[in-house]
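Note sheet for the following structure.
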Amino acid sequence: MSAAIPPLPRDALVEECAATLVEAFANYNAEFRAITRRAPQRFEARDWRGSQRDAVERIELYEKCISRAVSHMLTRLGEDVAERSLWASVKRRFTELIEAFPDREFDKTFFNSVTRQTFGTVGVDAAVEFVALDLDPISEIRHQIDTNVYVNRGSLELLFEEILADFRFRTPYLDFDRSVRIITNEVRAQCEADSDAARPPLEVEKIELIRVPFYQMTRAYIVGRISGKGWRLPFVLSFKNSESGVLIDAVMMDESSVSILFSFTRSYFHADLPHVGQAVVFLKTILPRKPISELYTVLGRAKQGKTERYRELFRHLQQSTDQFMHAPGDKGLVMICFTLPSYDVVFKIIRDRFAYPKNVLREEVLQKYEMVFKHDRAGRLVDAQEFKRLKFPRARFADALIEELRNEAANTVHFEDGEIVIDHIYIERRMTPLNLYIRNASREEAERAVLDYGQCIRDLAVTNIFAGDLLLKNFGVTRHGRVIFYDYDELCAISDCRFRDIPQAAHDEDEMRAEAWYHVNDNDVFPETFMQFLGFDPHLKAVFLKVHGEILTADWWRGIQQRIAEGDVMEVLPYHRHRVRVFSSV
């Protein structure tokens, strides 16, 4: 039996606990960066399966480290672990120890995670956690991220030759000179895109690039900005490592394309950034509409992204007066969905009971959201942030919403002294439900949305995701016009489904029955039946079938299953192929 830890003087105990938690975060951060630093080797070796494993391992790392820290503090403090005055002292000393650290907000978030798990904190507890709802996390960042600056001395070809020479990979370029010409031609074309007699083409004076490459699944990215007299635009180069060498795959110079690359629907980047906050400051200069919370998240700091989302939300509550109300769209059978009209997110609470025909369990819903959190979202699944034990003013909730929360979510939602306490909630970016979007869109907009809906189903399929419920109300449209899936209660892996053709009826009357005349197992899927649930008018149905008719056949889905079973990595790129004038297929 190990000897008991001798008691320490109070000050010494506070010092030890604070130092232990500082070290615990440092160990987490070191492990996080060690996983991140594998990305270049994965790219060089074309080890896409390894990249996927790294992504999951890095996501799971935070909770493992928090559990380890909580367990250590319980062991060290014993019964004193619940002494609030002790933790308040530890917090003060912790603050002093991290004062000079880069990204010290990360340390504070880690500390909060430990205390919230230790105390089961409801709402916020300023005595034992860092709050600072009015804090701008990047306002105190005084130094800029390390960049390379390239000046146009009269030749774009020489400018991009210099850039590609600096950003070489161990795998050689497939054709260095051709890559230079591709970038040069694309930049010229985009600089001339909006020119006319009154507006001459943009003239490039300078390009500034973050020195650290960004990796995401099968692609490497160089991220920066391009500028001239009176103008500045994002500038991102995408690289692909083919079997024959590295080649340029896309040139992005508009905010919309780069915003989609850094989207809340994409997998997180692997970029070994010594000071993440500096990268966020830089990215805000090229993506001014992107919330800081989403930038932290897409850079892999998901827990810090949640912290900033919480700050953004409660700062907004302090500055607004409107009420939470039901979100637009059809009522969900599994989730109660509500929103604050003046704030661009949706809140989701799992109902206590699910109405027919839903037969999933609460635990299964939680598992599906966890699956999405760790899966390649392929630009088609919204990143749902999970929060626990949040507290809101009751007066900010509309009466109709309060009534539904009382009746349908009493196990999760509690009413206390003029406040509403929510034990478990998901927060997502708000989108326009696809059925409402089509109803109010022009004919051209509706056609584009229907086609992207079909592409969304395809993109999910190649990443081993079957949406399950393909009703339009379960999909949303972003401000960029992209269709995204956001209702996960029937989501499942393609590899777990059995895609079948409808058996031929033995008798004519069989086809007239309301129910199927053939046996259907729980995992059976009949793609031929998809269209009857979608409610397209004849014109939109024809538009859909012309481009996406094959996804209504079991053969197409079985083909995807076979490729998945054979280990084929089928990628979904975060940029539009029509913007790329080059390039070979994967």
**Study point:** In the stretch 532-562, the residues that are charged (D, E, K, R) and assigned to a loop (DSSP other than H, G, I, E, B)
**Key:** ASP537
Exercise for review: Confirm whether PHE282 is modelled with pLDDT of 95 or more and more than 18 Å from PHE167 (Cα to Cα).
Suggested key: yes
Study note, to complete from the structure: Scanning the stretch 426-474 residue by residue, those assigned to a helix (DSSP H, G or I) and of a type in the set (A, V, I, L, M) turn out to be LEU434, LEU436, ILE438, ALA446, ALA449, VAL450, LEU451, ILE457, LEU460, ALA461, VAL462, LEU472
Check your understanding: Within the stretch 151-205, which residues are of a type in the set (Val, Ile, Thr) and touching a residue at least 24 places away in the same chain (Cβ under 8 Å)?
Key -> VAL151, ILE163, THR171, ILE182, ILE183, THR184, VAL187, VAL204
Review point. Consider ARG389 against the criteria (1) of a type outside the set (Ser, Thr, Tyr); (2) modelled with pLDDT of 95 or more; (3) under 26 Å from LYS303 (Cα atoms); (4) surrounded by fewer than 18 Cβ atoms within 10 Å (Cβ to Cβ): it satisfies all of them except one. Which criterion is unmet?
Key: (2)
Check your understanding: What pairs can you find where one residue is in the stretch 339-363 and in contact (Cβ under 8 Å) with a residue 40 or more places away in the chain, the other is part of a strand (DSSP E or B) and of a type in the set (Asp, Glu), and their Cβ atoms are less than 7 Å apart, with a gap of 6+ or different chains?
Key -> VAL345/GLU428; VAL346/GLU428; LYS348/GLU428
Revision key, fill the gap. Among the residues of the stretch 18-62, the number that are aromatic (Phe, Trp, Tyr) and modelled with pLDDT under 95 is 1
Check your understanding: Pairs, please: C-beta under 9 Å, at least 6 apart or cross-chain, first residue farther than 11 Å from ASP249 by Cα and in the stretch 560-586, second at pLDDT below 65 and part of a loop (DSSP other than H, G, I, E, B)?
Key -> VAL569/VAL586; MET570/VAL586; GLU571/VAL586
Check your understanding: Conditions: (1) touching a strand residue (DSSP E or B) at 6+ places or on another chain (Cβ under 9 Å); (2) part of a loop (DSSP other than H, G, I, E, B); (3) surrounded by fewer than 18 Cβ atoms within 10 Å (Cβ to Cβ). THR285 meets all but one. Number of the miss?
Key -> (2)
Revision key, fill the gap. For the stretch 147-166, the count of residues that are in a loop (DSSP other than H, G, I, E, B) and either at pLDDT below 95 or loosely packed, with under 15 Cβ neighbours inside 10 Å (or both) equals 3
**Study point:** Flag if GLY418 is farther than 26 Å from TYR437 by Cβ and in contact with a Lys or Arg (Cβ under 6 Å, 6 or more places away or on another chain)
**Key:** yes
Check your understanding: Name the strands (runs of 3 or more DSSP E) wholly within the stretch 343-425 that hold at least 1 residues that are closer than 30 Å to GLU571 by Cβ and among the acidic types (Asp, Glu)?
Key -> 385-393
Exercise for review: Can you tell me which residue among ARG58, ARG38, ARG46, ARG76 is in contact with a Gly (Cβ under 7 Å, 6 or more places away or on another chain) and surrounded by 14 or more Cβ atoms within 10 Å (Cβ to Cβ)?
Suggested key: ARG58
Check your understanding: Just one of the numbered conditions (1) assigned to a loop (DSSP other than H, G, I, E, B); (2) touching a residue at least 24 places away in the same chain (Cβ under 8 Å) is not true of GLN318; which one?
Key -> (1)
Check your understanding: Exactly one of (1) more than 32 Å from the chain's Cα centre (by Cα); (2) part of a loop (DSSP other than H, G, I, E, B); (3) surrounded by 15 or more Cβ atoms within 10 Å (Cβ to Cβ) is unmet by VAL180. Its number?
Key -> (2)
Review point. What do you reckon, is GLY481 in contact with a strand residue (DSSP E or B) (Cβ under 7 Å, 6 or more places away or on another chain), at pLDDT below 95 and outside the structural domain of GLY329 (by TED's automatic domain parsing)?
Key: no
Exercise for review: Identify, by number, the condition in (1) under 14 Å from GLY535 (Cβ atoms); (2) under 19 Å from the mean Cα position of the chain (by Cα) that ARG439 doesn't meet.
Suggested key: (2)
Point to revise | Complete set of residues in the stretch 294-326 that are surrounded by fewer than 21 Cβ atoms within 10 Å (Cβ to Cβ) and aliphatic (A, V, I, L, M) | key: ALA302, LEU313, LEU317, MET325
Check your understanding: Out of the residues in the stretch 482-500 that are under 17 Å from the mean Cα position of the chain (by Cα) and not hydrophobic (A, V, I, L, M, F, W, C), which is nearest to ASP524 (Cα to Cα)?
Key -> TYR488
Exercise for review: Would you please name the residue that is surrounded by the fewest Cβ atoms within 10 Å (Cβ to Cβ), looking only at residues in the stretch 501-557 that are modelled with pLDDT of 90 or more and aromatic (Phe, Trp, Tyr)?
Suggested key: PHE530
Exercise for review: For residues that are at pLDDT below 95 and of a type in the set (A, V, I, L, M), tally how many sit in the stretch 199-243.
Suggested key: 2
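The values are calculated or read from the model by the stated rules, or taken from the named source; none is laboratory data. Quick caveat: nothing in here was measured; it's all calculated off a predicted structure. Cβ: placed from backbone, ideal geometry, glycine included. Neighbour counts: every protein chain shown.
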